[in-house]
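> Below is a structure I'd like to ask you about.
The values are calculated or read from the model by the stated rules, or taken from the named source; none is laboratory data. Computed from a predicted structure; not experimentally measured. Counting neighbours? That spans all protein chains shown, and the Cβs are built from the backbone with ideal geometry, glycine included. For the accessible areas, the whole protein counts, side chains as well, though only heavy atoms, and no ligand, DNA or RNA atoms are used. Shrake-Rupley method; radii C 1.70, N 1.55, O 1.52, S 1.80 Å.
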Amino acid sequence: MKKYMKILEKTELFSGIREEEIRSILGCLSASPRDFQKGDLIFCIGDHITSIALLLEGCVHIQKEDYWGNLSILNKILPGEIFGEAYAMPGSGAMPNNALAVTPCTLLFLDVRHVLTVCTSACRFHTLLIQNLFSAVSAKNRTLTQKLGHMSQRTTREKLLSYLSEQSAKEDSSSFDIPFNRQQLADFLSVDRSAMSHELCKMRDEGMLDFHKNHFILERV
């Protein structure tokens, strides 16, 4: 775990906790790192889990596939972010989604029972860890609310405009990169890829935006 200490110090979950304190608390949390290859399923629909996953390296998609094979990307997990916490809590039920390793990944699994149980010495850094977990969950809920805002739009164009406007505001720039390729963006917005690509080209022809791969430049018309 030594090579990942600098990453852990920068995560929201361990924010404000010093390296020596992190080393101490990892033992209390039964922390266990695991490697996954590209295409591996980390969690599957129907799994009953007891650990929070923290991504150290790589990229993970939280996704769902319906009976007919239609794929929806619900979230993209980047290094330093957690996932699975909502279904690791006691009584939360089975996982409703898959967690897929999009690239080779290294994850740290934290036993949620040990995370939520403050040790007998009531150490400052364990209490802070619980506060950080609550903050991280709140941030993920805000992200989900933003996604629902995109999904509530009626047309493919409106969904694209909502998403791209949010990304522009997030970067405070009209020029920015998005974290998806075309198929992933279509799956994220739950639209047909061909229809989405056609709409992007129409908006480019209308002077509303320009793009190359995952880089976008928004224009005012």
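> May I ask you to list pairs of residues, at least six apart or on different chains, whose Cβ atoms are under 7 Å apart, with the first in the stretch 10-26 being under 17 Å from residue 52 (Cα atoms) and the second being of a type outside the set (A, V, I, L, M) and in a loop (DSSP other than H, G, I, E, B)?
Taking only residues 6 or more apart or on different chains, the pairs are 11/80; 22/14.
> Right, something else. What's the number of the condition residue 201 fails, among (1) farther than 24 Å from residue 144 by Cα; (2) surrounded by 14 or more Cβ atoms within 10 Å (Cβ to Cβ); (3) free of Cβ contacts under 8 Å to residues at least 40 places away in the same chain?
It is condition (2) that residue 201 fails.
> Return yes or no: is residue 51 polar (S, T, N, Q), in contact with a strand residue (DSSP E or B) (Cβ under 6 Å, 6 or more places away or on another chain) and under 23 Å from residue 137 (Cα atoms)?
The answer is yes for residue 51.
> Collect the residues in the stretch 185-195 that are touching a residue at least 12 places away in the same chain (Cβ under 8 Å), more than 15 Å from residue 161 (Cα to Cα) and open to solvent by 40 Å² or more (accessible area, probe 1.4 Å), keeping them in residue-number order.
Scanning the stretch 185-195 gives a single hit, 192.
> To continue, here is another question. For the stretch 15-54, name all the residues that are open to solvent by less than 30 Å² (accessible area, probe 1.4 Å), under 17 Å from residue 80 (Cβ atoms) and not small (Gly, Ala, Ser).
Passing the criteria: 17, 22, 25, 26, 29, 36, 42, 52, 54.
> Which condition number does residue 177 fail, the rest of (1) open to solvent by less than 50 Å² (accessible area, probe 1.4 Å); (2) in contact with a strand residue (DSSP E or B) (Cβ under 7 Å, 6 or more places away or on another chain) being met?
Just one mismatch for residue 177, condition (1).
> Given the structure, is residue 126 loosely packed, with under 13 Cβ neighbours inside 10 Å, at negative phi and not aliphatic (A, V, I, L, M)?
Details: loosely packed, with under 13 Cβ neighbours inside 10 Å: no; at negative phi: yes; not aliphatic (A, V, I, L, M): yes.
Considered against the rule, which asks whether it is loosely packed, with under 13 Cβ neighbours inside 10 Å, at negative phi and not aliphatic (A, V, I, L, M), residue 126 comes out as no.
> Right, something else. Confirm whether residue 57 is open to solvent by 60 Å² or more (accessible area, probe 1.4 Å), among the charged types (D, E, K, R) and either more than 17 Å from the chain's Cα centre (by Cα) or under 24 Å from residue 138 (Cα atoms) (or both). Let's see the steps before the verdict.
On the way: open to solvent by 60 Å² or more (accessible area, probe 1.4 Å): yes; among the charged types (D, E, K, R): yes; either more than 17 Å from the chain's Cα centre (by Cα) or under 24 Å from residue 138 (Cα atoms) (or both): yes.
Yes; evaluated as a whole, the condition is true for this residue.
> Moving to a separate point now. Evaluate the following for residue 110: is it touching a Phe, Trp or Tyr at 6+ places or on another chain (Cβ under 8 Å), at pLDDT 90 or above, surrounded by 13 or more Cβ atoms within 10 Å (Cβ to Cβ) and part of a strand (DSSP E or B)?
no
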